[in-house]
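First the structure, in the form of structure tokens, and then the observations on it.
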Amino acid sequence: MIVAVEYFSKWVEAETLAKISKKERDQNDRGSKSFQEYYGLIERTQGATGETPFCLVYGSEAIIPAEIGEETAQVTQYEQQHNSEARSFDLNTIEEKRDRAYQRILYYKKLMVRGYNQKVKPRSFQVSDLVLKKVEVSKHMGKLDPTWEGPYKMIEIKKKGTYSLQDLEGKNLPRPWNIHNLKTFYA
């Protein structure tokens with residue numbers, strides 16, 4: 001089925017190109033497992049954890065069906081008598097793998113926070129600075145209207161990042177404004 005939406009009027013048109021029965025769909029579509037096997041999502045190590053998702057859940061590496069018929073290292077090294085010992089060892093060490101993955105995630109998050117904090121420049125305003133404030137959504141009429149209004153004068157610092165404003169005629173605004181909704185006015 002092809003579905004198209006016309007850009008301006010949002011008119012939807014749909015047309016079927018082929019009729020597929022449920023039996024044919026079930027034979028041809030193996031669902032998300034096939035997708036994961038095809039793109040290697042089960043076997044791909046994740047950057048943050050350093051482990052494959054399959055290994056973190058089941059305690060051992062996955063063998064996809066395509067590897068079973070081929071002579072790969074994982075298939076040739078398989079021995080039936082040592083399998084139960086290796087499986088119990090894998091299950092005993094799975095908690096250690098999960099702990100190592102958790103530690104890697106914490107380290108990865110710390111790196112991300114440090115990188116973010118290096119790029120962010122802290123802003124603050126002083127009393128009597130002139131600023132512009134964002135136009136409130138209820139007042140915003142169209143896409144060509146200005147997104148900032150002002151200038152306004154800082155009259156009080158309520159908390160860190162929260163300021164009381166006054167227009168240039170001396171009228172106080174009814175509520176304090178967060179620093180994310182303000183920017184410096186350059187006159």
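Residues are listed down the side, and each one gets a yes or a no for (1) modelled with pLDDT of 60 or more; (2) in contact with a helix residue (DSSP H, G or I) (Cβ under 8 Å, 6 or more places away or on another chain); (3) assigned to a loop (DSSP other than H, G, I, E, B):
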position	(1), (2), (3)
Phe8	yes, no, yes
Glu13	yes, no, no
Gly47	yes, yes, yes
Gly50	yes, yes, yes
Ser60	yes, yes, yes
Glu71	yes, no, yes
Gln74	yes, yes, no
Thr93	yes, no, no
Query raised in the report: Looking only at the stretch 159-173, which residues are charged (D, E, K, R), at pLDDT 90 or above, out of contact with any Leu (no Cβ under 9 Å at 6 or more places or on another chain) and not in a loop (DSSP other than H, G, I, E, B)?
Result: none
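Quick check: is even one residue across the stretch 127-149 assigned to a strand (DSSP E or B) and free of Cβ contacts under 8 Å to residues at least 40 places away in the same chain? Please lay out each step first, then the result.
Taking the stretch 127-149 first, the residues assigned to a strand (DSSP E or B) are 130-134, 148-149.
Filter once more, keeping what is free of Cβ contacts under 8 Å to residues at least 40 places away in the same chain: 148-149.
Yes, the stretch 127-149 contains a residue that is assigned to a strand (DSSP E or B) and free of Cβ contacts under 8 Å to residues at least 40 places away in the same chain.
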**Report entry** Enumeration of residues in the stretch 174-186 that are of a type in the set (A, V, I, L, M) and either part of a strand (DSSP E or B) or outside the structural domain of Val135 (by TED's automatic domain parsing) (or both)
**Finding:** Leu182
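Does Asp129 count as touching a Leu at 6+ places or on another chain (Cβ under 9 Å), surrounded by 12 or more Cβ atoms within 10 Å (Cβ to Cβ) and acidic (Asp, Glu)?
Values: touching a Leu at 6+ places or on another chain (Cβ under 9 Å): no; surrounded by 12 or more Cβ atoms within 10 Å (Cβ to Cβ): yes; acidic (Asp, Glu): yes.
Answer is no for this residue.
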Report summary line: Considering the stretch 146-157, residues that are at pLDDT below 90 and of a type outside the set (S, T, N, Q), and then whichever is surrounded by the most Cβ atoms within 10 Å (Cβ to Cβ), we arrive at Gly150
Requested in this report: Hey, can you tell me all the residues within the stretch 135-187 that are under 14 Å from Ser124 (Cα atoms) and of a type in the set (Ser, Thr, Tyr)?
Outcome: Thr162, Tyr163, Ser164, Thr184
Requested in this report: Mind listing whichever residues of the stretch 166-187 are more than 14 Å from Val135 (Cβ to Cβ), surrounded by 11 or more Cβ atoms within 10 Å (Cβ to Cβ) and in contact (Cβ under 8 Å) with a residue 24 or more places away in the chain?
Outcome: Ile179, Thr184, Phe185
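The values are calculated or read from the model by the stated rules, or taken from the named source; none is laboratory data. This is a predicted model, so every value here is computed, not measured. Ideal geometry is used to build each Cβ from the backbone, glycine not excepted, and the neighbour counts take in all protein chains shown.
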